[in-house]
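Reading through the structure tokens given below for one structure.
Where a number appears in this text, it was derived from the coordinates with a stated rule and is not lab data. Please read all numbers here as calculations on a predicted model, not as lab measurements. Here Cβ is always computed from backbone atoms with ideal geometry, including for glycine, and neighbour counts include all displayed protein chains.
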Amino acid sequence: MAEVILRNVTRRFGETTALDDVSMTVPDGAFVVLLGPTGAGKTTTLRLVSGLDVPDRGEIFIGGRPMKGLTPAQRNVAMVFQQYSLYPHLSVRENLAFPLKSPLLRTPRAEIDRKVAEVANVLQIAHKLDNKATALSGGEMQRVSIGRALVRNPAVYLMDEPLSSLDAKLRADLRTELKNIQANSGATLIYVTHDQIEAMTMATHVGILDQGRLVQFGPPREVYENPVSIYAAGRLGQPRINILPADLFGTAPDGARFIGLRPEQIVQGEGQDSVVRRVEHLGDQTRLHLNFRDHDLVTVTDAHTPLRPGDALPIRPDKPFYFDANGARIV
Amino acid sequence: MSEPLSQRAATATPPVLAHRIRGLSDRAIAWIFVAPTIALLLAVNIFPLIWTIRLSLTNYRSNRPNAPVKWVGLENYQKILHDPDIWNTFQVTAHFLIWTLVLQVLLGFGLAYLINKKFRGNDLWTTIIVLPMMLSPAVVGNFWTFLYQPQIGLFNYVIAFFTGADPSSFSMIGDVGLAPWAIVIVDTWMWTPFVMLICLAGLRSIPPSIYEAAECDRASKWRQFWTITLPMVLPFLMLAVLFRGIENFKMFDLVVQLTGGGPGSTTELTSINLKREAFEKWRTGYASAYAVILFVTVFGLASIYVKALNKVKDR
């Protein structure tokens, strides 16, 4: 287990800059989730840490050792790929045992069997151990490829959207399971996802990437409660933060161009009237689509609200975020 | 012109014909479409095969069409299987077949493996390597006789350069011990590119992420080769062996051009021997039996092989 440090890392592919001067310290035992849309540089970050790709500039340290010139094998990283990347002619059991059979490890046979069985149980694929890797469904393949990382005891786990191809129930199960495994083993884990629920539930740290730049890095609550920009604020929170003209509710601070309101920053039953446009009962909560002075916003209210479309609902901002014209946070 | 094609076709068909077509079932129409192909197949494949089997049971000679034809039963087969000369040609063929396959697989796979590494100009190299395959076997046979020429041949010169022997001290084509290797070398030179191309297709079908996963799983290059590259290319490789094996079992033109089966009968492959029996000695009945034996051999070996190939593919 080890600390991972990226120092001024830049990686270009021809004209495009995939990563632009990224510095980040992943503490030992942290569960870091990298968030950002396609092309933000999440996968590139993983590939650079793993050693499958090398930075054009900057340095990477794992456990205090500089990684320059070291192969993935020498770095002792385990990676789960977005495409399953199983060894197609091997059985599930052989796939899971593959990393343990590395001559570098010299794992005894009984130990291999024990680990494989254990991981197969956790990932609910024990009954498929003797199947061929190609005879599995997409979700099963992805579980095998997660398992292939989990059987090892690497310095860092790197996972590239490992749960994206699974169904909702399994995804929830594995989310809990991965978090448990990480917490129990104290492993350092860098995890790429689009899914903010994964980020909020599992991460000890969240890194927000925007076109190759790391715009914010910190614990998920901190990023949620204290976003540095409209972009960062929009990455976390369900429903998404409402971005409205700054002076919509009255006077705004100097330089403020936008006001940002998360549902909990909208006090209901006080202030000025808005019109209820739509009411979505989600079970545990109700989502309200409101219209306030010709601007739409979304908030939540309690599950058994009597509100109906067309009703008037007074609202007032409470400790809102203010952003300038570039989207950077002011207050 | 605005009507759909099918409608125009319908109105253009003469009413009498249209009436007849309408009376046919789909099955009948399907048979009408397939019939020309089947007829052709029967005429050029099946009929000659049956005719050959029939001739193989007689003492018919096609240079004496008016001589009485005697029914000899399995006598021709018996004679062939007891003929030491024919067993010799079988041995020559086996030597040629095994060595060309071994060399072409090793060299073809090796070249494909190298070409598959990304380097500057590998497309150009591929084109250059593939050239021999595109030449006519007659041409190849002819110019290799020049290369093998003891006094002026480039091959002898190169060998002499590396071994220090006198270039005119040996003759690849004229020497009883060397001639079987001479034909192996030329066939390998000509057809290794074919094996290489098929292996290359196999290598390129392996997704790079599998190697990356193996890299992270700390598999050495050696282990990656044995657990990923080779098993995934194997079905392709076996297919190449099947093609080359069948082709070389029937090898004729290249060797006839190169050695003509000599010296003695050291390079007399079965197909050359068969041609002699049929069209030089004119023992048509005997040659027909010979052809049937070859057919059964190739067919049998190929079927066993295809079964193995399918097993590998399903693995």
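Straight-distance candidates among the aspartates and glutamates for linking to residue A:319, with alpha-carbon spacing under 20 Å and chain neighbours fewer than 8 residues away dropped: A:222, A:225, A:247, A:254, A:264, A:270, A:273, A:296.
Dipole size in debye (nearest 20) for chain A around its Cα centre, Lys and Arg Cβ +1, Asp and Glu Cβ -1?
Dipole of chain A, to the nearest 20 debye: 1160 debye.
Peptide A:73-80 has a mean shielding of 3, counted as Cβ atoms of other protein chains within 10 Å of each residue's Cβ.
Give a quick list of GluC sites (Glu not before Pro) in region A:1-98 that DSSP marks as loop, anything other than H, G, I, E or B, with at most 11 other Cβ atoms within 10 Å.
Those that pass, being in a loop and sparsely packed, are A:15.
Averaged over peptide A:85-91, the number of partner chain Cβ atoms lying within 10 Å of each residue's Cβ comes to 6. One equal scatterer on each Cα of region B:55-140, no solvent, Debye formula: the resulting log10 I(q)/I(0) at q = 0.12, 0.15, 0.25 Å⁻¹ is -0.68, -0.80, -1.18. Computed over chain B, relative contact order equals 27 percent, with contacts defined as Cα pairs under 8 Å that lie 6+ residues apart. The mean count of C-beta atoms from other chains within 10 Å of the C-beta of residues in B:202-212, rounded to a whole number, is 3. Sorting B:301-308, B:62-69 by average packing, meaning the other beta carbons within 10 Å per residue, from highest down gives B:301-308, B:62-69. For the peptides B:256-262, A:76-82, B:168-174, A:249-255, the ranking by packing is A:76-82, B:256-262, B:168-174, A:249-255, with the highest mean count of neighbouring Cβ atoms within 10 Å listed first.
Output the pairs from A:101/A:128; A:101/B:307; B:117/B:313; A:179/B:221; A:132/B:307; A:68/A:179 with a Cα-Cα distance over 23 Å in this structure; if there are none, say none.
Details: A:101/A:128 20 Å; A:101/B:307 32 Å; B:117/B:313 25 Å; A:179/B:221 33 Å; A:132/B:307 20 Å; A:68/A:179 30 Å.
In this structure, A:101/B:307; B:117/B:313; A:179/B:221; A:68/A:179 lie more than 23 Å apart at Cα.
Helices that extend 20 Å or more along their long axis by alpha-carbon positions and average at least -1.0 on the Kyte-Doolittle scale are, among the DSSP H runs of chain B, B:26-41, B:84-116, B:179-204, B:230-249, B:284-314.
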